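A short worksheet on the structure shown next.
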Amino acid sequence: QVQLAESGGGLVQAGGSLRLSCVASRRTFSDYAMAWFRQAPGKEREFVGSVSRHGGGTYYADSVQGRFTISRDNAKNTVYLQMNSLKAEDTAVYYCAGSLGPYTNVVEYNYWGQGTQVTVSS
């Protein structure tokens, strides 16, 4: 079982950028497809983006396509979420997640970090 720990959240003005990181505990990090999800107050958790096991494939929600970039460094057991052109509606707790299934199957992510808060001021 993989354990995940996010970092990099904070307060940023609209139009700004942040980069989130998520470090995994297992040496077999490359066995897992990785993804980012987010949950805003009063809303359900939603998919943001995912990356394949060796980073060659990525998949994004329409709401972040073109603004957010997910990547991974398997040598560092780390997945990243680069967020640019941030909007107030991006405010949420961001979670990284792992899956032993296909990276595009958003319902199979069942290993979760504890989340990091991102707040975008308008």
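The values are calculated or read from the model by the stated rules, or taken from the named source; none is laboratory data. All of these numbers come straight from a predicted model, not from anything done at the bench. Quick reminder, even Gly has a Cβ in these numbers, built from the backbone with ideal geometry, and neighbours come from all protein chains shown. When the accessible area is computed, the model is the full protein with side chains, heavy atoms only, and any ligands, DNA or RNA have been set aside. Shrake-Rupley method; radii C 1.70, N 1.55, O 1.52, S 1.80 Å.
The table for this structure:
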| quantity | calculated |
| --- | --- |
| Count of region 9-47 residues which are aliphatic (A, V, I, L, M), within 14 Å of Tyr111 (Cα to Cα) and in contact (Cβ under 8 Å) with a residue 60 or more places away in the chain | 4 |
| Residue list for region 1-35, restricted to those being part of a helix (DSSP H, G or I) and either surrounded by 16 or more Cβ atoms within 10 Å (Cβ to Cβ) or of a type in the set (Ser, Thr, Tyr) (or both) | Phe29, Ser30 |
| All positions within region 71-104 that are open to solvent by 50 Å² or more (accessible area, probe 1.4 Å), over 10 Å from the mean Cα position of the chain (by Cα) and in contact (Cβ under 8 Å) with a residue 60 or more places away in the chain | Asn84, Ser85, Lys87, Leu100, Pro102, Tyr103 |
| Residue match in region 36-52 (condition: within 14 Å of Leu4 (Cβ to Cβ), in contact with a strand residue (DSSP E or B) (Cβ under 6 Å, 6 or more places away or on another chain) and open to solvent by 10 Å² or more (accessible area, probe 1.4 Å)) | yes |
| Filter result (surrounded by fewer than 18 Cβ atoms within 10 Å (Cβ to Cβ) and more than 24 Å from Ala14 (Cβ to Cβ)) within region 112-122 | Trp112, Gln114 |
